[in-house]
Structure formats: C-alpha cells, structure tokens
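What follows is a single structure, written as structure tokens, with notes after it.
The values are calculated or read from the model by the stated rules, or taken from the named source; none is laboratory data. Note that the coordinates shown come from a computational prediction; the quantities given were computed from them, not determined experimentally. FYI the Cβ positions are ideal-geometry reconstructions off the backbone, even for glycines, and counts take in every protein chain you see. Only protein heavy atoms, including side chains, enter the accessible area calculation; ligands, DNA and RNA are left aside. Shrake-Rupley method; radii C 1.70, N 1.55, O 1.52, S 1.80 Å.
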Amino acid sequence: MQTLVVIGASLSGLSAARAARAQGFAGRLVIVGAELHPPYDRPPLSKDFLAGRISEADLALSEVDDDLAAEWLLGVKAVRLDTESMTVALSDGRSLAADGVVLATGASARVLPEVDGCSNVFTLRTLDDARALRGQLQPGRKMVVVGAGFIGAETASTARAAGLDVTVIERSAAPLSGALGAEMGAAVAGLHAAGGVDMLCGTSIKSFRILGGSVSHVVLDDGRELPADIVLVGVGGQPNTDWLLGSGIQLGNGVLCDAAGRTNIPSIVAVGDCAAWWNHRLQAHHRVEHWTGALERPALAVAALLQGGTVPRAVHPPYFWSDQYGSRIQFAGHVHGHDRVQVEHGCLEDQSFLAVYYAGDEPVAVLGVNQVRQFTRWRKFLNREAERYADAPAGAFAAAS
Amino acid sequence: MHEACPLSQLAPGDAIRLDTSPPIAVFHTEEGELFAIDDTCTHQDASLADGWVEGCEVECPLHASKFNLRTGGVDAPPAKLPVRVHEVIVQDGTIMVRESEEEPNLPPGVKVDGYV
C-alpha cells in the first residue's frame with residue numbers, strides 16, 4: 001500500500017493515522033479534515049471548556065512530537081468517493097488517489113428546522129459551536145435545553161453552575177433513557193433536580209414563538225410557554241455519510257462495516273461516529289458514538305486494512321462517562337436486551353451507586369455514579385467477557401449485512 | 001513526610017488516596033511492592049487510586065491512560081505528561097510518604113488545591 005487517505009481529522013481519524021504508523025505503514029499518509037482546527041478533544045466542550053476552566057490549547061489532541069509524517073488538508077471536505085478508481089474528490093477541486101481509505105467523517109448535530117438560523121438557538125458539537133455558546137452563558141439568563149441526552153444534560157449542568165436559569169425538555173420519560181434504560185435514567189434524573197435544573201420529561205414542544213429572528217418562548221404541548229434567552233438543541237447526531245450516497249459503499253445508520261470496520265468495498269474501512277460496525281452480541285450493525293470507541297477501534301480497522309485476514313483482538317464493549325453537577329457517571333456495555341438492573345453497591349438516594357444490568361444471569365452492562373473504583377473492576381470484567389466473542393469470525397461482510 | 005496508614009490496613013491489590021495538596025495515591029501491588037505517585041491523572045481530573053493496577057502499571061479509571069508506578073512515565077495515552085513519584089517508607093508498621101519536590105503535572109483546569 002502506497003497511499004493511505006484518512007477522511008476526518010478528529011479523534012477517530014487521528015487514532016487511525018497513529019495506528020497506521022504504529023503498525024509499520026511507511027507510505028504516504030494524507031489526513032483530510034472539514035474543520036480548520038487541528039484535531040481537538042470534544043468531550044470538554046460541554047463541560048470544562050464551556051465553563052471557562054480550560055483553554056482551546058488544552059483541547060489539542062495532537063502533540064508537536066507526533067511523528068506522523070502526514071499531509072494535513074484542513075478546512076477541506078471530501079465530496080465524492082469513486083470506489084472504482086479509488087479516488088477522493090475534495091471541496092477545493094483537488095482529488096486524491098488512494099490505495100486505502102479510512103472513513104472517519106464523524107457526525108453532525110441534528111437541528112430543528114423550524115428554528116434553525118435563529119440567532120439565539122445553538123447546537124454543541126464543534127469548537128466553533130462551543131465558542132459561540134460560551135459567550136452566552138451569563139448569570140440570570142434563561143436557557144431552554146431541548147433534549148436530555150449527553151449534550152443536553154451536561155450543558156444544563158454547566159449553565160446552571162454559571163448562574164443561568166435552566167429548563168430541560170425531554171420527550172421520553174427520563175433523561176439519558178436511550179443510553180441507560182428508563183429505570184436508571186430516572187435514577188440519574190435526580191441529579192438535575194438536586195442541581196437546581198427543571199427537568200420536564202415526557203414533554204414535547206408544540207411550537208416556538210419567534211420575534212425578530214430569535215426565539216422568545218418555547219411553547220409546550222401542555223400549553224405552557226417558557227421564556228428563553230438561549231435555546232440549546234441537543235437532539236442527537238447524524239452520521240456524515242451523505243457524500244457517500246451512490247458511491248457503492250453500503251450505508252444504513254452510518255457506514256455499514258463488519259466486526260473489524262471493513263466496508264463492503266475492499267481497502268476501505270470506517271471508524272468513529274460515522275461507522276456502524278457489526279456487533280456479534282447484538283447480531284446487528286451498531287453505531288457507537290463514544291470517545292473510547294473513537295480512540296480504540298481505529299487500530300483494529302487499520303490492522304484489517306493493512307494486514308487483512310483475521311483480527312486478533314476483541315472489541316471492548318462501549319464505554320462512556322459524563323460529568324454532571326459534580327457527579328461522575330460511567331457506563332460500559334450494552335443496555336440492549338437486559339431484563340433487570342441490580343444495584344450492587346451504594347444506593348440510588350445517595351447519588352452514589354453501582355448498578356449491573358443482567359440478561360438472564362449474564363451481566364451485560366454496568367452503570368456507576370460516583371463509584372469509580374467499583375466501576376473500573378466491572379468494566380474490566382466486561383472487557384474480558386467480550387473476549388469470548390473475539391473467536392467469532394470477524395465476519396464476511398455479506399454474512400453480516 | 002505524609003503519614004498514609006498502617007501497612008496492615010493496605011492489603012496487596014489495594015490503593016489509598018491521601019488528602020494532600022495535590023493528592024497522592026499509594027499502591028500496594030499484588031506482588032507486594034509499595035508505590036506512591038500523584039493521584040490526579042495528568043490528562044483530566046481523575047483519581048488514579050481508583051484505577052486498575054496490573055504489574056507495575058496503573059490505568060486511569062476515566063480514559064485508560066497508563067502510568068508506570070516505578071517511574072511515573074506515561075505508558076499509554078491520552079495522557080502526555082508523567083506523574084511525580086514519591087518515596088515510600090514503612091516506619092514502625094506505618095506507611096509514610098516523602099513527597100517529591102518537583103513541580104506536579106496537573107491536568108488543565110486543576111490547581112494544587114483543586115479546581116481553578
């Protein structure tokens with residue numbers, strides 16, 4: 001392989017580039033990034049960076065001594081992939097011929113079309129988003145957060161600490177219920193109340209009142225009208241895969257891959273938030289949008305790309321953490337398929353507990369709130385359990401899709 | 001010198017966090033060795049005493065950076081800077097720690113006495 005092109009310059013793209021060099025790739029390495037910024041860490045954007053505790057320089061992911069010997073094309077988007085000739089067309093008119101391609105284009109924040117473009121409506125995904133929002137966090141202002149996922153919940157926590165009046169509107173019955181399940185989502189909801197944030201679950205938005213290009217009120221389905229100085233929309237992300245439509249790469253909810261990140265086209269792998277890898281346990285393609293996946297998985301995909309054949313290492317279960325109202329929330333595993341949750345340490349009322357999710361007798365996931373040490377032990381256990389699945393074939397793509 | 005705890009109260013495989021400024025973690029490894037390093041991961045605020053020890057290495061419980069307990073060096077990213085290593089002395093059955101005089105490498109946003 002002479003030329004390896006990595007499309008995407010965030011954590012997963014950078015990790016893929018590092019893995020390629022670490023695995024002995026000595027050819028031409030090109031990294032294409034849609035944002036002008038060199039790789040930066042996103043998790044602090046809703047926490048320490050938004051709170052003003054750390055600077056932009058602190059977010060840098062790459063080091064000056066990174067010996068990647070890569071060509072960086074930043075502020076340039078990949079607009080088309082020709083899988084026959086293996087060329088990538090770029091937004092500046094250039095095109096790159098490649099022997100191998102890593103797709104690491106990530107995801108974009110979903111928007112609400114009816115208020116997109118309003119001057120006081122924000123999303124939080126990129127450094128530019130965070131810069132814009134940071135300037136708005138002044139004490140006494142009223143913030144309405146739409147969606148109680150990670151971005152919504154963490155931003156609510158940070159804004160409340162900055163002295164804003166914060167209301168969170170969540171359609172489902174509990175915050176983070178998609179990630180944690182309804183039962184534990186409800187347990188974690190107590191953090192918001194204790195933190196002084198109004199959490200309105202099971203509530204939908206009927207409309208927005210817009211005045212002079214900005215939202216003045218958010219109107220709920222029960223008729224209530226919430227005055228808003230700032231609206232943060234945290235309703236999830238969508239994979240950046242539109243540019244691949246018609247390329248021959250199979251797409252579903254993300255780029256469909258086997259259990260080692262290989263797409264249906266030879267010499268093209270996908271990693272990070274844009275990729276839906278085959279999961280043996282779930283028997284489905286599963287898009288993992290977590291930092292740890294973007295850090296760890298590219299090494300597997302790059303090994304599959306450079307060496308082919310079977311992949312020796314197991315994919316660890318998804319792991320994520322969240323810091324809200326001074327509490328540390330950690331989760332590992334798959335919530336899918338569990339039939340009960342058991343609190344093994346601490347208790348829910350104290351906001352310090354460790355809960356294990358079981359499918360029958362098998363532990364499939366673990367949640368810790370302020371239980372870092374116990375959580376670490378359980379996470380290690382789940383990682384070892386996952387190695388049992390490592391012997392399963394990495395998966396002919398046809399069988400997996 | 002900081003007093004940690006009686007040796008009898010720190011079984012092999014256990015670790016404790018000393019409320020010094022900055023905090024210090026003392027590890028008693030499965031192999032029976034005692035080590036003391038700065039407790040706060042140099043990448044982001046997390047207590048290494050809550051981490052996972054294997055051999056002579058501790059893995060941060062938050063983002064899996066690895067530090068060598070003997071040298072304080074980074075064995076695995078995302079951390080870039082080492083933690084300080086402190087001298088451990090067992091005196092009359094009590095674990096004592098002599099704190100390094102080097103400047104600690106604390107993560108962005110964290111000062112010796114806690115958050116900025």
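Brief remarks follow.
- In chain A, helical runs assigned H by DSSP with n ≥ 4 each contribute -39500 (n - 2.57); averaged across all residues and rounded to the nearest 500, the mean residue ellipticity at 222 nm is -6500 deg cm²/dmol.
- Considering only B:H86, B:H63, B:H43, the Gaussian network model of chain B with Cα springs below 10 Å gives its largest mean-square fluctuation to B:H63.
- Amide H to amide H distances under 5 Å link B:D75 with B:K66, B:F67, B:N68, where only residues 5 or more positions off or on other chains count and H is placed in the peptide plane.
- Between B:H2 and A:E385, the FRET efficiency estimated from the beta carbon spacing at R0 = 41 angstrom works out to 0.60.
- The alpha carbons of the stretch B:1-68 occupy a box of 31, 27, 14 Å along the principal axes, longest dimension given first.
- Cβ-based net charge around A:Q342, under 14 Å, with every Lys or Arg adding one and every Asp or Glu removing one: -4
- Counting heavy atoms of the protein chains alone, A:I205 has an accessible area of about 50 Å² for a 1.4 Å probe.
- A simple packing score, the average count of other Cβ atoms within 10 Å per residue, orders the peptides A:165-177, B:64-76 as A:165-177, B:64-76, with the highest score first.
- Pairs from A:K380/B:K111; A:K77/B:K111; A:K380/B:K80; A:K77/A:K380 whose Cα-Cα separation, in the structure shown, is over 32 Å: A:K77/B:K111; A:K77/A:K380
- What the Cβ-Cβ distance of A:D350 and A:Q138 gives, at R0 = 41 Å and to the nearest 0.05, is a FRET efficiency of 0.75.
- Stokes-Einstein translational diffusion, the protein assembly as shown - Kirkwood Rh over all Cα pairs, 1.567 mPa s, 4 °C, in µm²/s: 53
- Taking all protein chains as shown and a probe of 1.4 angstrom, B:K80 keeps an accessible surface of around 90 Å².
- Extension gain, A:S204-A:E362: 0.36 nm per intervening residue step, less the Cα-Cα distance, totals 53.3 nm.
- The simple spin-label model puts a point 7 Å past each Cα toward its Cβ; for A:V343 and A:A182 those points are separated by 2.0 nm.
- Distance between the 7 Å Cα→Cβ label points at A:H37 and A:S172: 2.8 nm.
- Among beta bridges that DSSP assigns inside chain A, antiparallel share in %, nearest 5: 60
- Peptide B:100-111 is shielded by partner chain Cβ atoms: per residue, an average of 2 of them sit within 10 Å of its Cβ.
- Signed unit charges on C-beta, dipole axis of the stretch A:111-235, positive-most listed residue A:A174, A:V188, A:L127: A:L127
- Alpha-carbon Debye profile of the stretch A:111-235, log10 I(q)/I(0) at 0.16, 0.17, 0.18 Å⁻¹: -0.72, -0.82, -0.92
- Charged side chains reduced to their Cβ positions (Lys and Arg at +1, Asp and Glu at -1) give the stretch A:115-235 a dipole of some 220 debye around its Cα centre.
- When the surface is traced with a 1.4 Å probe over the full set of protein chains, A:Y319 keeps roughly 10 Å² accessible.
- Förster-model FRET efficiency, 45 Å R0, A:Q2 and A:R131, C-beta, rounded to 0.05: 0.70
- Placing a label point 7 Å from the Cα of A:R94 along the Cα-to-Cβ line, the residues of the stretch A:1-41 whose backbone N sits under 16 Å from it are A:3-9, A:28-38.
- Centre separation in Å (Cα based) which lies between the stretch A:234-268 and the stretch B:76-116: 44
- Shown here are the Rg and Dmax of the Cα trace of the stretch A:246-310, at 10.9, 31 Å.
- 24 Å tail of the calculated P(r), chain B, as % of Cα pairs: 17
- The stretch B:55-69 versus the stretch A:35-61: alpha-carbon centroid distance in Å: 23
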